Amino acid sequence: MDTSDSDRRQQFAASFRVWPEAYPYLDLMFSEDEMRLVLLLASQADARPANAQEVALGLGIPEEQAAGLLEHGYRRAVLDRQEDEQGVTYLPAVFYRFLGHFAKFGQWDLIPADARQIIDRRYLSAFVDRHRESIRKKMQGLATQDDLPNDAVLLLPEVEEMLRAAADIVVQPCDCRRLGQYCGRPVDTCLWLDESARQTLARGNGRRLTVDEAIQLVRWADDQGLMHTGDAAWQKHGLHAICNCCACDCYPFRAAQLMNSRGYWPRNRYVAAHDAERCTDCGLCVDRCHFAAFRWDEGEADAPASRARQLVFDPGRCWGCGLCANTCPEEAITMQQVPEWRNL
């Protein structure tokens, strides 16, 4: 690599805000054309978006070729696109948002596993920093302009109601589980709805589902031990997305545990109620719970065999996902609404 190539990569990394942890993998993540595009767009004196004609002049290529490069960069989340009465223009995106797209659709698995884990931890830190102030405001009962993702934990019937109301549904891989890879739960489970679904398809991503296919998918995800999150006030705000989450990979749950924001974000609107008399101690709820709200009390070493292992339920650990209730063969677990969210 000559000096100019090295300089260009360093300039691109600075302009695109590439993390040092990811710098060794620039050539795996980005093409030379994408680096040139970002540097050209970033060099505009007033940092304004540019159209295909301007990019063609800047790169010394035909306008048709420039248009193709710009659209490809947009589909790869290297560029953002906007359209108004002046036409279609483009501007650079940022590495933080690009990384999720690359993990879902790029060559993420070609990066060594130890490096992926380092980048994942950096992403979690950036995610927390990005939303820290809004999470704090939520915990203080204050309004926030930041639309925090995964607003509330939802029960399976609520998710099915949302899907039946959707006009367009698209499924994509979960960026959290692609980035983290700490469990073997399903990946192709993130659902985008209505306008978000149409934007996703316009970007060339995702696969369209019928309502019945989407309901079948969330039931399967539930059976695989994934919690459901989304906007519980979707009737007021409109439909956007449904995530099917785990506590080991998904950044909102990992961030919430770091910020100790359970109940505030993601909001747990329900809590499990355990009927010990109906319970047969089968342990299915223990296997399903992400937060050890249901767990085994191993008892004392010299306890009788009948008391050596008992089921323990701690409602203070419950996030209200309903996975335990969905699998209890004796219907010994029911989901009770938390009073402050009854009028949501």
Those residues of the range 185-202 that are modelled with pLDDT under 95 and small (Gly, Ala, Ser) come to a total of 1
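Residue by residue, here is whether (1) touching a Gly at 6+ places or on another chain (Cβ under 7 Å); (2) in the same structural domain as residue 253 (by TED's automatic domain parsing); (3) buried (at least 18 other Cβ atoms within 10 Å of the Cβ) holds:
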position: 171; (1), (2), (3): yes, yes, yes
position: 174; (1), (2), (3): no, yes, yes
position: 177; (1), (2), (3): no, yes, yes
position: 189; (1), (2), (3): no, yes, yes
position: 213; (1), (2), (3): no, yes, no
Looking across the range 66-104 at residues that are out of contact with any helix residue (DSSP H, G or I) (no Cβ under 8 Å at 6 or more places or on another chain) and either under 11 Å from residue 29 (Cα atoms) or polar (S, T, N, Q) (or both), the single one that is modelled with the lowest pLDDT is 86
For the range 94-118, pairs from a residue that is under 19 Å from residue 38 (Cβ atoms) to a residue that is of a type in the set (Ser, Thr, Tyr), with Cβ under 6 Å and 6 or more apart or across chains, are none
Those residues of the range 131-160 that are surrounded by fewer than 19 Cβ atoms within 10 Å (Cβ to Cβ), within 18 Å of the chain's Cα centre (by Cα) and either farther than 22 Å from residue 232 by Cβ or among the polar types (S, T, N, Q) (or both) come to a total of 2
Condition set at pLDDT below 95 and not in a loop (DSSP other than H, G, I, E, B), scope the range 267-281, selection surrounded by the most Cβ atoms within 10 Å (Cβ to Cβ): answer is 267
Scanning the range 233-266 residue by residue, those part of a loop (DSSP other than H, G, I, E, B), under 23 Å from residue 288 (Cα atoms) and aliphatic (A, V, I, L, M) turn out to be 247
Just one listed residue, out of 35, 29, is without any contact (Cβ under 8 Å) to a residue 40 or more places away in the chain and outside the structural domain of residue 122 (by TED's automatic domain parsing), and it is 35
Boolean, residue 217 is surrounded by 16 or more Cβ atoms within 10 Å (Cβ to Cβ), without any contact (Cβ under 8 Å) to a residue 60 or more places away in the chain and in contact with an Asp or Glu (Cβ under 9 Å, 6 or more places away or on another chain): yes
The condition of being touching a Cys at 6+ places or on another chain (Cβ under 8 Å) and either aliphatic (A, V, I, L, M) or farther than 26 Å from residue 124 by Cα (or both) holds, among 239, 226, 217, only for 226
Of the candidates 197, 166, 126, the one satisfying the condition of being surrounded by 14 or more Cβ atoms within 10 Å (Cβ to Cβ), over 19 Å from the mean Cα position of the chain (by Cα) and among the hydrophobic types (A, V, I, L, M, F, W, C) is 166
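The values are calculated or read from the model by the stated rules, or taken from the named source; none is laboratory data. These numbers were taken from a predicted model, which means no experiment stands behind them. As a convention, Cβ positions derive from the backbone with ideal geometry for all residues, glycine included, and neighbour counts pool all protein chains shown.
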